[in-house]
Each structure stands twice: as structure tokens, then as C-alpha cells.
Amino acid sequence: QVQLVESGGGLVQPGGSLRLSCAASGSIFSINVMGWYRQAPGKQRELVATMTSSGSINYPDSVKGRFAISRDNAKNTVYLQMNRLKPEDTAVYYCNVIQLGEAYWGQGTQVTVSS
């Protein structure tokens, strides 16, 4: 089993920045993909950013140019730098890890963008 612990959420004004972190622990052998998803009230969970072990990155158009994902393989940690935040970025953000074909999820961290 892989455990994921997220941190860094909170309340921020429009145009502000936040940095999320997610540390993986437990039975870690070979993490293939680390990433972030989000779910706003009444909406489906959606992709925010993913990064493979080889460094390939994927963002949806809604966050491209504003968000940046990075990972520290030595620490089994993935980060999400979020800049120029908008009210529509408000959601619970979930860390996701895929290892040997199995997906693991964090407990989620709330991000609220409001003035």
C-alpha cells in the first residue's frame, strides 16, 4: 500500500499563488505517474496535472501557463505550484499516484480562491 499526505491548501485571493505538496510513503517500488486532480462542488473530478517518471507532463488548457507540476523522486514527493489563481480554481485537490498499474489517492486538500 502507498499512503499519500497532501499539504498546502488554503484561502487565497484571486491572482494569488499557492503551492501544494504530496508525500508518498509505504510500499514504494516504482512510481510511474504522480499527479493532481480536483473536484469542485457538484462537478466531476478532473485532471489538473500529471508527471511521469521520465518527466513527461500533461496539463488541461484550463491551468496551462498558470500551474506547474514538479516532483522530487528521491523524496517521493510531488508539488503543484499554482499561480494567477481564479475563483473557478476553487476545489478539493487530490494527489494521485500510479504504481505498477494501481492508483492511489490522497485525502484531498481544500483550495478556495475568493476575495
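The values are calculated or read from the model by the stated rules, or taken from the named source; none is laboratory data. These numbers were taken from a predicted model, which means no experiment stands behind them. Methodologically, a virtual Cβ is constructed for each residue, glycine included, from the backbone with ideal geometry; neighbour enumeration extends over all protein chains shown. These area figures cover heavy atoms from the full protein model, side chains too; ligands, DNA and RNA do not enter into them. Shrake-Rupley method; radii C 1.70, N 1.55, O 1.52, S 1.80 Å.
Assuming a ≥ b ≥ c are the square roots of the Cα gyration tensor eigenvalues, decide whether the stretch 22-66 counts as rounded (a/c under 1.5), prolate (otherwise, with a/b larger than b/c) or oblate. The shape class here is oblate. Computed over the stretch 1-51, the convex hull of the alpha-carbon atoms projects to a mean area of 4.8 nm². Ignoring lysines fewer than eight residues from LYS75 along the same chain, the ones with Cα atoms less than 27 angstrom from its Cα are LYS64.
At 1.4 Å probe size, with the rest of the protein present, what percent of the exposed accessible area of the chain is carbon and sulfur atoms? Carbon plus sulfur share of accessible area: 48 percent. A Förster radius of 22 Å, combined with the Cβ-Cβ distance separating SER62 from GLN107, puts the computed FRET efficiency at roughly 0.40.
Projected label points at SER115 and GLN81, each 7 Å from Cα along the beta carbon direction, are separated by 2.6 nanometres. Solvent exposure of the stretch 26-105, expressed per residue, is 52 Å² of accessible area, with all protein chains present and a 1.4 angstrom probe. Under Stokes-Einstein, with the Kirkwood radius over Cα pairs as Rh, the value for the chain at 4 °C and 1.567 mPa s is 92 µm²/s. Roughly how many nanometres apart are two label points built 7 Å out from the Cα toward the Cβ at ASN73 and SER17? Placing both labels 7 Å beyond Cα along the Cβ direction yields 2.6 nm.
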